[in-house]
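What follows is a single structure, written as structure tokens, with notes after it.
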Amino acid sequence: FAKENAIDLTVVGMDDPLVGGIVDAFEEAGLRVFGPRKNAAILEGSKAFSKDLMKKYNIPTASYENFTSPEEAMKYLETADMPIVLKADGLALGKGVLICNTREEAMEGVKTLMMDKQFGDAGNRLVIEEFLTGREVSVLCYCDGTNIKPMTSAQDHKRAKDNDEGLNTGGMGTFSPSPFYTEEVDAFCKKEGVYKSNLF
């Protein structure tokens, strides 16, 4: 389509084609495209990979464990603190995260994600993560491999229903900029966060 219609620049927004390597395919075809290559899109495509990367480079993140066996995951949950968060490793349209208040909910969550495959192959691997409370603010960056330029902050409405009583969903909306992304938070993120770098 891009060739037939002489598209000058394609901007890819969806996760699935990015993780699948659409940017690589466009570049190989000599087409201009904006988005991360497949080897960078894995940061969005695999929560376990991202958590391991943060751990490796000492980027602050909630404590976690990765599991490929539902039996091992359930064994871990027997002594884990509640509430706790279960995350399907792969893409699940923003819905593969379960916040479990009780051990029974968590056990059922493992069954739902890993055994019943509610989100397909996304649940082949599971991240079990410490439950944190507070505001969640996102700051994405443009990067060309040499330079990093942060975008403005944005704040997601993650959970359906009032008072965060519903399930996580990818479609509840967002507002930008976030009043909670203060200069102090910005300074911390630039020093310790995902864009830990000497490029600023």
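Mind listing just one residue for me: the one in the stretch 144-162 that is in a loop (DSSP other than H, G, I, E, B) and surrounded by fewer than 12 Cβ atoms within 10 Å (Cβ to Cβ) and, of those, modelled with the highest pLDDT? Even if it seems obvious, please write down each step before you answer.
Within the stretch 144-162, the first condition is being in a loop (DSSP other than H, G, I, E, B), and the residues that meet it are 144-147, 151-153, 157-158, 160-161.
Retained after the next criterion (residues that are surrounded by fewer than 12 Cβ atoms within 10 Å (Cβ to Cβ)): 144-147, 152, 161.
Details: Asp144: 80, Gly145: 77, Thr146: 80, Asn147: 82, Thr152: 92, Lys161: 77.
Per the criteria, the residue is Thr152.
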Count, please, the residues in the stretch 112-121 that happen to be open to solvent by 90 Å² or more (accessible area, probe 1.4 Å) and in a loop (DSSP other than H, G, I, E, B). 1
Output yes when any residue across the stretch 168-185 is without any contact (Cβ under 8 Å) to a residue 12 or more places away in the chain, closer than 25 Å to Asn58 by Cβ and surrounded by fewer than 11 Cβ atoms within 10 Å (Cβ to Cβ), and no when none is. yes
Failed criterion for Asn124 (all others in (1) more than 28 Å from Ala187 (Cβ to Cβ); (2) among the polar types (S, T, N, Q); (3) open to solvent by less than 50 Å² (accessible area, probe 1.4 Å) hold): (3)
If you check every pair at least six apart or on different chains, which have Cβ atoms under 7 Å apart with a residue in the stretch 99-111 that is assigned to a strand (DSSP E or B) first and a residue that is among the aliphatic types (A, V, I, L, M) and surrounded by 16 or more Cβ atoms within 10 Å (Cβ to Cβ) second? Ile99/Val85; Cys100/Ile84; Cys100/Leu86; Cys100/Ala106
The condition of being open to solvent by 40 Å² or more (accessible area, probe 1.4 Å) and in contact with a strand residue (DSSP E or B) (Cβ under 8 Å, 6 or more places away or on another chain) holds, among Glu78, Glu105, only for Glu105
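The values are calculated or read from the model by the stated rules, or taken from the named source; none is laboratory data. Remember, it's a predicted structure, so these values are computed and weren't measured experimentally. As a convention, Cβ positions derive from the backbone with ideal geometry for all residues, glycine included, and neighbour counts pool all protein chains shown. Protein only, heavy atoms only, side chains kept; ligands, DNA and RNA dropped before computing areas. Shrake-Rupley method; radii C 1.70, N 1.55, O 1.52, S 1.80 Å.
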